[in-house]
Amino acid sequence: MSKNNNDNNLPPRKCKSEAQKRAIRRSYAIKAAKEKKEPSKVTDQSKTPKTFPTEFPFWARLKISKHRTTLVIDEDKAMDKKKKKLVDGYVHREATHSENSDYEEIMPNPDPTDSDPMYLKRPQKLPKRLFSPHNKDLSMPEHLKQRYDKNNYKDDKTDK
């Protein structure tokens, strides 16, 4: 057997200069120090996932293509194309910057950093699995709150 033959059948590594060895050791030490610090940051943010608000209407993201902004206005059964049956879902109106005669303009714009006007498309029903909480704090125009607030009380059965 020769000296160069090892378990992996790879040639032995050549020794680097002392300066290279110190630089490699230092880079590994820096990586290890960063890995020790990062888990504490991750636990603060990712351990507390955002949840949906309990009252309608609220802003959410559609998990379909580009995670578009949408206004969730009610809960209802929706056809899940994947499962081919009715499942719990949300009634929503997608927000867009495209002007169209069918779309309703939102005044004032919910996103204060955005100067372009926003429009709401017609209501649609989609399964709840296709929605995620919105990552921005968008304001809710008062006229939309008043219009869709009734959806919070539709299941209340009061005898009068």
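Things to note:
- Number of the exception - Met140 against (1) loosely packed, with under 10 Cβ neighbours inside 10 Å; (2) under 22 Å from the mean Cα position of the chain (by Cα): (1)
- Qualifying residues in segment 67-78 (those that are open to solvent by less than 60 Å² (accessible area, probe 1.4 Å) and out of contact with any Leu (no Cβ under 8 Å at 6 or more places or on another chain)) - the one nearest to Tyr153 (Cα to Cα): Asp74
- Every residue from segment 81-108 that is in contact with a strand residue (DSSP E or B) (Cβ under 6 Å, 6 or more places away or on another chain) and closer than 17 Å to Phe58 by Cβ: Gly89, Tyr90, Val91, His92, Arg93, Glu94, Ala95, Ile106
- Verdict on Lys125 being open to solvent by 70 Å² or more (accessible area, probe 1.4 Å) and out of contact with any Lys or Arg (no Cβ under 9 Å at 6 or more places or on another chain): no
- Residue within segment 103-110 that is touching a residue at least 40 places away in the same chain (Cβ under 8 Å), more than 22 Å from Ala78 (Cα to Cα) and surrounded by 11 or more Cβ atoms within 10 Å (Cβ to Cβ) present: yes
- One residue alone among Ile24, Ile64 is modelled with pLDDT under 90 and touching a Leu at 6+ places or on another chain (Cβ under 9 Å), and that residue is Ile64.
- Selection count where residues are free of Cβ contacts under 8 Å to residues at least 12 places away in the same chain and either in contact with a Ser or Thr (Cβ under 8 Å, 6 or more places away or on another chain) or under 13 Å from Glu55 (Cα atoms) (or both), scope segment 111-146: 1
The values are calculated or read from the model by the stated rules, or taken from the named source; none is laboratory data. Note that the structure is predicted; figures quoted are calculated from it, not measured. Note: ideal-geometry Cβ built from the backbone for every residue, glycine included; neighbour counts use all protein chains shown. SASA here: full protein model, heavy atoms, side chains in, ligands and nucleic acids out. Shrake-Rupley method; radii C 1.70, N 1.55, O 1.52, S 1.80 Å.
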